[in-house]
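Everything on this sheet refers to the single structure shown next.
The values are calculated or read from the model by the stated rules, or taken from the named source; none is laboratory data. Keep in mind it's a predicted model, so treat the numbers as computed, not measured. Positions of Cβ are generated from backbone atoms using ideal geometry, with glycine treated the same way; all protein chains shown enter the neighbour counts. Ligands, DNA and RNA are excluded from the accessible area calculation, which covers all protein heavy atoms including side chains. Shrake-Rupley method; radii C 1.70, N 1.55, O 1.52, S 1.80 Å.
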Amino acid sequence: MNLDLIDWQKSELLPVIVQDSSSLEVLMMAYMNREALELSLSTRIAHYYSRSKKRLWKKGESSGHLQHIERFLLDCDNDTLLIIVRQEGVACHTGRKSCFFTDIVSDETISDPQIDTTAAYGIIDELYHTILSRKNADPSTSWTAKLLSKGDNAILKKVVEEAGEFAFAVKDDNENEIIYECADLVYHVLVALGHKGISPDRIKQELARRVGTSGIAEKNSRPS
């Protein structure tokens, strides 16, 4: 494939529609930058650029649900790609075959999860995605939606409150309360991250960057 056929002037991120080769079902939509597309072409395994994680990611890197690419098709405007794939497992992090499962007219969920993906993705990522799904939910039926609707002050007040309760639990040396309050704190920190659209993967990346660096050196390296 000649990558210069693509109109990169419109955007550095190429929208990619993913279609199942056997069922012809549309599985998902994602983005590739030039590097992700080059990797996808050379390996025939789908690689994307995550706007939330701010990095390249191989589809299935956590779950093992790889996408084996059979065809790359460029649209008539040279700015959107259709890839035909053989999907291992499921495409959606919710455990559904396709990421498209909500009818916005009837507000009906048209398919159920085929597998439980919590173990594959980890509870932190699972909880974060659940929090994101509550952004437009009814605040009267969801505490997360209610908190998100109130904005920075309400969210940060809860973070500070839960941090204080966690600190007191540690000081009191109460193991059960330490675990309980830490879980509350992590949840509210994830709500704050979701409110700002920052994936917990970026926190993992930052922690990984610090491995092997002393805390003093790391702190001194920060811009003043």
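Put simply, the Cα atoms of the chain extend 63, 50, 30 Å along their principal axes, the longest span coming first.
In units of the rule-of-thumb radius 2.2 N^0.38 Å, segment 94-224 shows an alpha carbon radius of gyration of 1.29.
Quick check: residue separation of residue 52 and residue 29 times 0.36 nm, minus the Cα distance between them. What number comes out in nm? If you can, show how the numbers build up before the last one.
Values: separation 23, 0.36 × 23 = 8.28 nm, distance 1.42 nm.
Extra length available between residue 52 and residue 29 comes to 6.9 nm.
I'd like to know which of 118, 66, 39 lies farthest towards the positive end of the charge dipole of segment 18-133, counting +1 on Cβ of Lys and Arg and -1 on Cβ of Asp and Glu. Going by the charge dipole, the pick is 39. Of the beta bridges in the chain, as assigned by DSSP with both residues counted there, near 80 percent are antiparallel.
Within the accessible surface of segment 144-208, defined with a 1.4 Å probe on protein heavy atoms only, the carbon and sulfur portion equals 59 percent.
With a sphere of radius 9 Å drawn around the Cβ of residue 201, what net charge do the other residues whose Cβ falls strictly inside it have (Lys, Arg +1; Asp, Glu -1)?
Details: positive: 53, 54, 55, 202, 204; negative: 125.
Within the 9 Å Cβ shell, the charges total +4.
Less than 5 angstrom separates the built amide H of residue 62 from none of the residues sequence-distant by 5 or more or on a different chain.
So what's the back-of-envelope 222 nm ellipticity for the chain, counting only DSSP H runs of four-plus at -39500 (n - 2.57) apiece and dividing by all residues, rounded to 500?
-13000 deg cm²/dmol
Only Cα pairs under 8 Å and 6+ residues apart enter the sum, and on that basis the relative contact order of segment 1-149 stands at 18 percent.
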